[in-house]
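Data block below; observations after.
The values are calculated or read from the model by the stated rules, or taken from the named source; none is laboratory data. Bear in mind that the values here come from a model prediction, so they are computed numbers and not experimental data. Neighbour counts are summed over all protein chains in view; Cβ atoms, including those assigned to glycine, are modelled from backbone coordinates with ideal geometry. We work out accessible area using only protein heavy atoms, side chains counted, and drop any ligands, DNA or RNA first. Shrake-Rupley method; radii C 1.70, N 1.55, O 1.52, S 1.80 Å.
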Amino acid sequence: MERMFTINAEELQARPFVPPTFLVEGLIPQGVSLLCGPSKCGKSWLVLWMAMRICQGLPIWGLKTHPCEVLYLCLEDTFSRLQDRMYRLPDEAPSGLHLCVAAGKLRAGLEEQIESHMAAHPETELIIIDTFQKIRTAHGSGVGVYAGDYEDVSTLKKIADGFGISILLVHHLRKQKDKSDPFNQISGSNGILGAADAAFVMVKERRSQGTVSMFMTGRDLPYQELVLQLTDCVWELLEQKTEDDIRAEEIPEFLHRLVGFLQERREWSGTATQLIEEMGEDESMKYRVVKILGRFQHSFLEPNGIRYRTEKTAAARLLMLRRDDSCDSRDGLIAG
């Protein structure tokens, strides 16, 4: 049996590593990425436009691109349909973009076709497969759904890592919506998302809607939310939210008013009803105060120099708030 390779923590910490490589800065990393969306939502328009701009080194939504050759396997289209799309896009058709409408499947010729193309076009650094479902083959008996999905994406990741390139898989969403986590809508098992390096999910509230929300996450890609609008066949960026932006939007305005309330007080204690009355808040807020203070004590109260505790007595639950710029998160734990 081959011996495992290990590295001790001290050596790992001291060893310099090359930072993650992105084909589109902060958007498409080296490895395998998923672009998922409902049927006929404009995914193919998006990847064709991206491919044309990447070939020419043109920015995408203001992000720098690394110019390279691109192989686009558009397996649900025809050359005439692709030609019509390119006529309608504003960018010139680059010679470095190679298009294909028929290819083999995984473990049935696709790997060899990709290797052959890479040998003939070594400047290729992006392969787009539209759609992922078109290249998949049935797994043998005894292989679970998760294991099969994970193996399919892992096979493509091995190719991407071996050549040091990016592979973008266009994939579908299931019909059942999940507003709490859009990544749960990706068709298939969690093995698909688990094996990928990054994922983008396009969600429309209504099919007639002109905009989509795109949710992004990945191993080297911080979570973001984009709002895109299709204008003259090009997806334009209308809004971009980072994790910090999203977190800031979640902070209730009540907490900002509480900070102001405590500026002239070193400390305060009392019931939720008393706090609401003294702050002049709507009476309905008293039912939410304990929940809000508990949820945001570490992410908002402590960074703003407010120590919070709660204690249940025989008569009522008391809230204790004290200004302390040296707040220690360990002391902010709720008691009682």
Query - Spherically averaged projected area in nm², based on the convex hull that wraps the Cα atoms of the range 151-304 - result: 13.9 nm²
**Report entry** From the C-alpha gyration tensor of the range 180-247, square roots of 5λ in Å
**Finding:** 22, 16, 11
Report summary line: Quick calc, D178 & E250: beta-carbon distance into FRET formula, R0 25 Å, rounding 0.05, result 0.85
Query - Under the Karplus curve 6.51 cos²θ - 1.76 cosθ + 1.60, θ = phi - 60°, whole-Hz ³J(HN,Hα) for the range 145-152, x wherever Gly or Pro sits - result: 4, 4, 4, x, 5, 5, 5, 4
Query raised in the report: Taking a point 7 angstrom from the Cα of V101 along the C-beta vector, which residues in the range 71-85 have backbone N less than 12 Å away?
Result: 74-85
Report task. Run the numbers on the range 78-227 and let me know its relative contact order in percent, using alpha-carbon pairs under 8 Å that are six or more apart. Result -> 16 percent
Requested in this report: Compute the relative contact order of the range 72-142 as a whole-number percentage, counting only Cα pairs closer than 8 Å that sit 6 or more residues apart in sequence.
Outcome: 49 percent
Report task. Give a residue-ordered list of calculated ³J(HN,Hα) values for the range 87-104 (Karplus: 6.51 cos²θ - 1.76 cosθ + 1.60, θ = phi - 60°; whole Hz; x for Gly, Pro). Result -> 4, 8, 8, x, 7, 5, 7, x, 6, x, 9, 9, 10, 9, 10, 8, 8, x
Query raised in the report: Among the DSSP beta bridges whose two residues both lie in the chain, what percent are antiparallel, rounded to the nearest 5?
Result: 60 percent
Requested in this report: Post the alpha-carbon centroid distance, the range 136-194 to the range 233-273, in whole angstrom.
Outcome: 37 Å
Requested in this report: Against the globular-protein guess of 2.2 N^0.38 Å, express the Cα radius of gyration of the range 127-242 as a ratio, rounded to two decimals.
Outcome: 1.15
Query raised in the report: Which far-off residues, 5 or more places away or on another chain, put their amide H under 5 Å from the one on L23, with H placed in the peptide plane?
Result: I28, Q30
Report task. Determine the calculated [θ] at 222 nm for the chain from helices alone, applying -39500 (n - 2.57) to every DSSP H run no shorter than 4 residues and normalising by the residue count; nearest 500 deg cm²/dmol. Result -> -8500 deg cm²/dmol
Query raised in the report: What's the Cα-based Rg to Rh of the chain, Rh via Kirkwood?
Result: 1.10
Query raised in the report: Say the dipole of the chain comes from +1 at the beta carbon of Lys and Arg and -1 at that of Asp and Glu; which of T131, L228, G280 then lies farthest toward its positive end?
Result: G280
**Report entry** Nitroxide proxy distance, nm - points 7 Å out along Cα→Cβ at A108 and A93
**Finding:** 3.0 nm
Query raised in the report: How long are the three semi-axes of the equivalent ellipsoid for the range 1-135, computed from the Cα gyration tensor as the root of 5 times each eigenvalue, in whole Å, largest first?
Result: 31, 20, 15
Report summary line: Here the percent of antiparallel bridges among DSSP beta bridges lying wholly in the range 7-116, to the nearest 5, is 50 percent
Report task. Could you sort 10-18, 238-246, 41-49 so that the peptide with the highest average Cβ count within 10 Å comes first and the rest follow in order? Result -> 41-49, 238-246, 10-18
Report task. Rank these by accessible area, largest first, 1.4 Å probe: S189, S166. Result -> S189, S166
Report summary line: Long-range amide H partners of C36, meaning residues 5 or more apart or on another chain whose placed amide H is closer than 5 Å, are H171, F200, V201, M202
Query raised in the report: Counting only protein heavy atoms and using a 1.4 Å probe, what share of the accessible area of the chain belongs to carbon plus sulfur, as a whole percent?
Result: 49 percent
Query raised in the report: Between V259 and T313, what length comes free when the chain is fully extended (0.36 nm per residue of separation minus the Cα-Cα distance, one decimal in nm)?
Result: 16.9 nm
Query raised in the report: Given +1 on the Cβ of Lys and Arg, -1 on the Cβ of Asp and Glu, and no further charges, what dipole in debye does the chain carry about its Cα centre, rounded to the nearest 20?
Result: 1040 debye
Requested in this report: Name the long-range amide H neighbours of I60: under 5 Å, sequence gap of 5 or more, or other chain; modelled H, no Pro or chain starts.
Outcome: T65
Query raised in the report: Given the range 81-213, what percent of its DSSP beta bridges are antiparallel, to the nearest 5?
Result: 35 percent
Report summary line: Scattering profile of the range 164-214 from the Debye formula, Cα beads only, expressed as log10 I(q)/I(0) at q = 0.15, 0.17, 0.26 Å⁻¹, is -0.46, -0.57, -1.14
**Report entry** Surface per residue (accessible, 1.4 Å probe) for the chain, Å²
**Finding:** 55 Å²
